Amino acid sequence: MPSPVVTAVVAALPLASSPDPAGIVGGTEVPACGWPNVVALGGACTGTLVHPRVVIYAAHCGGGQEVVFAENAVDGPMRSVPTTYCKQFPREEGQLGRDFAYCVLAEPQLDVPIVPPLMGCELDQLVEGTEVVVVGFGFDEDGVGGIKRELTTTFHYIENDEAFIGGDGLDACQGDSGGPAFVKVPDPGGGPDTWRLFGIVSHGDPQCLEGTFYGLVHVGMEWFEPEADFDLTPCTDVDGAWNPGPRCTDLPYDLADAQGQWPQGCSTDALAGPGQTCGPPFGFEPDTDPPLVAVSSPAEPLRLESDPAQGVAPFLVEIDASDPEGWGIDEVLLVIDGELVPGGADGRPPYEFAANFPPGTFSLSAVAVDLAGNRAEAPAVLLAVDEELPEGTTTSAQDEPGAQEGCGCRHVAGSAWPLLLVLGAARRRRGRAIGVGSARRRRRA
């Protein structure tokens, strides 16, 4: 049965108005696990995994995307990953150079190699005539889409914060929108040249022959990173200043021929690093200590009354997390009634979750994961809505992380987290919006 990603109508694309569609013109199909970080989006566009939880693409592709990892998104092996929310850059009509959007994935993709963005001094690689690679799921000359193709072509120039790439019959086209352009940067230490992501397919020649304009990833990064709330620049600060972390290592230099298959996952041994293109590499000291984490709001058992009009109690759950002896916090995961909340992940402080709680009693906790993969769980704190807190309720604030002795609480029956909805559209600047459902209330589709 064909995947839903290819049953959607091709998006109305500035470069894709030709009645006789073609994919990456002059490109070739990738082998199994080729460019595994490049994904199909909603049957109409292409995107790039830039963090285990974040895919970036073009705003004109729209929102609410399904993310599919595959080489053949029509009927080949694939992994379909739901998103918690997607967001588009608020461009003004006719504005160029800001065709940016991203999706946050419901589950981290930890078995896919990631190419860092081209930032800081690395931008010096973008000179006229530089060889670059573009990848996408565009339609071919027979109207067949959903097949991942790669193309080696040429970078020409930058204008209005967009890169102009390709031409002479070597180009991107329909279905490639939102897809990546990659360039290699040299290693000052003499290691292999490694890949960087610098472009996002935006608009161009309707016949897909005379070149395409790409949004510049480094230009969008000052919006992408704070909005997505994850560290998308492992080797630099968001402004391009060299500041490598532990993810600025194992940098891919050959993703055209990775190993594995979908849906199991793809990997590669063609890795180099640590990165040192604009300064000294990340200095490794072993990090074996777990982070510190606690629920700071509510810090003690709390009873709330629901809003009579809405039947829920809005509340901002706040988490304190730090890694004073280690590499730093990677992400904080919200835990309710002992279960990880789908979409309840925050990759940047302050770690906050704006939640709507229905009547019931809830056990609130959090898991902090550091950049070395060490984990710690916060002692649980009770929150009751329209109910009295259980007698003898105590918190485990003095216990080891994860201890919940003395809780004596009655949880909402059958906390089924498919009923918990992350409301990306309502997400506030300093809080991730969560709607909490329960089996005691009506189910939502």
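The values are calculated or read from the model by the stated rules, or taken from the named source; none is laboratory data. These numbers were taken from a predicted model, which means no experiment stands behind them. Backbone-built Cβ (ideal geometry, glycine too); neighbour counts: all protein chains shown.
None of GLU300, GLU285 is over 23 Å from GLY344 (Cα atoms) and part of a loop (DSSP other than H, G, I, E, B) except GLU285.
Every residue, every condition in (1) within 20 Å of the chain's Cα centre (by Cα); (2) within 23 Å of ASP176 (Cα to Cα); (3) not in a loop (DSSP other than H, G, I, E, B); (4) not hydroxyl-bearing (Ser, Thr, Tyr), yes or no:
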{"site": "ARG196", "(1), (2), (3), (4)": "yes, yes, yes, yes"}
{"site": "HIS203", "(1), (2), (3), (4)": "no, yes, yes, yes"}
{"site": "CYS208", "(1), (2), (3), (4)": "no, yes, no, yes"}
{"site": "GLY215", "(1), (2), (3), (4)": "yes, yes, yes, yes"}
{"site": "HIS218", "(1), (2), (3), (4)": "yes, yes, yes, yes"}
{"site": "GLU222", "(1), (2), (3), (4)": "yes, no, yes, yes"}
{"site": "VAL238", "(1), (2), (3), (4)": "yes, no, no, yes"}
{"site": "GLY279", "(1), (2), (3), (4)": "no, no, no, yes"}
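Scanning the range 112-164 for residues that are within 28 Å of GLU71 (Cβ to Cβ), exposed (fewer than 15 other Cβ atoms within 10 Å of the Cβ) and either in contact with a helix residue (DSSP H, G or I) (Cβ under 8 Å, 6 or more places away or on another chain) or among the small types (Gly, Ala, Ser) (or both) returns a single hit, GLY143. Evaluating GLY175 against the criteria (1) crowded, with 22+ Cβ neighbours inside 10 Å; (2) outside any loop (DSSP other than H, G, I, E, B) leaves one unmet condition, (2).
Just so you know, in the range 146-155 the residues that are touching a Ser or Thr at 6+ places or on another chain (Cβ under 9 Å) and over 19 Å from ASP254 (Cα atoms) include one that is modelled with the highest pLDDT, and it is PHE155.
When every residue of the range 307-316 is checked against the conditions, at least one turns out to be touching a residue at least 12 places away in the same chain (Cβ under 8 Å), outside the structural domain of MET78 (by TED's automatic domain parsing), aromatic (Phe, Trp, Tyr) and assigned to a strand (DSSP E or B).
Restricting the first member to the range 164-177 and to residues that are in contact (Cβ under 8 Å) with a residue 60 or more places away in the chain and assigned by TED's automatic domain parsing to the domain that holds VAL127, and the second to residues that are among the aromatic types (Phe, Trp, Tyr) and in a loop (DSSP other than H, G, I, E, B), the beta-carbon pairs closer than 6 Å and six or more apart or on different chains are GLN174/PHE139; GLY175/PHE137; GLY175/PHE139.
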